[in-house]
Amino acid sequence: MQEMEKIHQAGDISYALLMSSEAVDTLDIDVGAADREGFIYFHQKFGMPYTFLLKRSIESGHFLFVSIAGNAKLIGFARFEKLEEQTEKEIKGKMNVVSPSLFLLRSMEVHSSFRNCGIGRVLFSTAVYYLRGNVLTIPDNPEATSFFSKKLGFTEVTDPIGNYRQKYEGYLMLAYPRAVALWHEIATRYPRIVYPELIDLYESLKFRLNMGKVIPCNDINRFETLLGKCDGMLSGVMEKEMDHLLNELRRCVRCNT
């Protein structure tokens, strides 16, 4: 059984969907305390072991997305429950989605040592890009409300939603396709967080080219590969600058193997 589906790699940090509860056993989970960094919210508020929480989430059929540093260090997780399947309708011989799937973000937490550096935003945007549906959440404190509203673009639910036209009073929602567009927005605004290897290599190549230094073919090929993996997610200006640099490297630099 596949234990983990990797969705995105940013330097030594990977973003993935855990596919089985056994995958939780492979993670290095730091539980925080007053004098120790780590995950603390569920342990402090509910006395709940994180291994139990994460395993139960998967066993309950929830989607568990994680961010992992290195091979196994858990630095963030987000738990989603699917409330409704998408509905489709045949229009002119083609099946079209008329109502996207509806998900509830049950919880999200980032390791205390990795907060305020974009990990949470990349984790969340990676997850909703994968899920491709409407996302609900009900923040339990003002700080969380501010984060979801100001950082991620959630808005208050004012009308009945979903296939059953239910009211979700007090909930916030990130509507599809805004949820899918969020990934592009995060990549555009924070390219160094989303594509650290590409940005570092771009700056290095640009400097070496300006200094007239010899640039090996391997570096140019790696730059082309990393740029291709962005799949149009960078801002138009940055992508144009990188394409220009790549053309300059091909034209002006003698490749050395």
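Out of Ser107, Ser146, Ser112, Ser101, which single residue is over 26 Å from Ile68 (Cβ atoms) and assigned by TED's automatic domain parsing to the domain that holds Phe77?
Ser146
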Quiz item: Of all residues in the range 134-153, which are more than 30 Å from Asp12 (Cβ to Cβ) and surrounded by 19 or more Cβ atoms within 10 Å (Cβ to Cβ)?
Solution: Asn134, Leu136
Quiz item: Could you list, in sequence order, the residues of the range 89-122 that are part of a strand (DSSP E or B) and modelled with pLDDT under 80?
Solution: Lys89, Glu90, Ile91, Lys94, Met95, Asn96, Val97, Val98, Ser99
Quiz prompt | All positions within the range 147-206 that are within 24 Å of Met233 (Cβ to Cβ), basic (Lys, Arg) and part of a loop (DSSP other than H, G, I, E, B) | solution = none
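Residue-wise test of (1) aliphatic (A, V, I, L, M); (2) at pLDDT 90 or above; (3) surrounded by 12 or more Cβ atoms within 10 Å (Cβ to Cβ); (4) under 19 Å from Val122 (Cβ atoms).
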residue: Ile58; (1), (2), (3), (4): yes, yes, yes, no
residue: Gly61; (1), (2), (3), (4): no, yes, no, no
residue: Gly76; (1), (2), (3), (4): no, yes, yes, yes
residue: Arg79; (1), (2), (3), (4): no, yes, yes, yes
residue: Leu83; (1), (2), (3), (4): yes, yes, yes, no
residue: Thr87; (1), (2), (3), (4): no, no, yes, no
Quiz item: Are there any pairs with C-beta distances below 9 angstrom linking a residue in the range 112-138 that is on the phi > 0 side of the Ramachandran plot to a residue that is assigned to a loop (DSSP other than H, G, I, E, B), with the two at least 6 apart or on different chains, and if so which?
Solution: Gly118/Tyr190; Arg132/Gln86; Arg132/Pro100; Arg132/Ser101; Arg132/Tyr176; Arg132/Pro177
Quiz prompt | Within the range 221-248, considering residues that are of a type in the set (Gly, Ala, Ser) and in a helix (DSSP H, G or I), the one farthest from the chain's Cα centre (by Cα) | solution = Gly236
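Answer with yes or no whether Cys230 is surrounded by 13 or more Cβ atoms within 10 Å (Cβ to Cβ), within 30 Å of Pro100 (Cα to Cα) and hydrophobic (A, V, I, L, M, F, W, C).
On the way: surrounded by 13 or more Cβ atoms within 10 Å (Cβ to Cβ): yes; within 30 Å of Pro100 (Cα to Cα): yes; hydrophobic (A, V, I, L, M, F, W, C): yes.
It is true that Cys230 is surrounded by 13 or more Cβ atoms within 10 Å (Cβ to Cβ), within 30 Å of Pro100 (Cα to Cα) and hydrophobic (A, V, I, L, M, F, W, C).
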Quiz prompt | Only one of Glu197, Glu185, Glu169 that is among the charged types (D, E, K, R), free of Cβ contacts under 8 Å to residues at least 60 places away in the same chain and either surrounded by fewer than 16 Cβ atoms within 10 Å (Cβ to Cβ) or touching a Gly at 6+ places or on another chain (Cβ under 9 Å) (or both) | solution = Glu169
Practice problem: Among the residues of the range 210-220, write down those that are at pLDDT 90 or above and surrounded by 12 or more Cβ atoms within 10 Å (Cβ to Cβ). | Solution: Asp219, Ile220
Practice problem: Tally the residues that are surrounded by 16 or more Cβ atoms within 10 Å (Cβ to Cβ) and either part of a strand (DSSP E or B) or among the charged types (D, E, K, R) (or both), restricting the search to the range 8-41. | Solution: 10
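The values are calculated or read from the model by the stated rules, or taken from the named source; none is laboratory data. A quick note: this is a predicted structure, and the numbers were derived from the prediction, not measured. In this analysis, Cβ positions are derived from the backbone assuming ideal geometry, glycine residues included, and neighbour counts consider all displayed protein chains.
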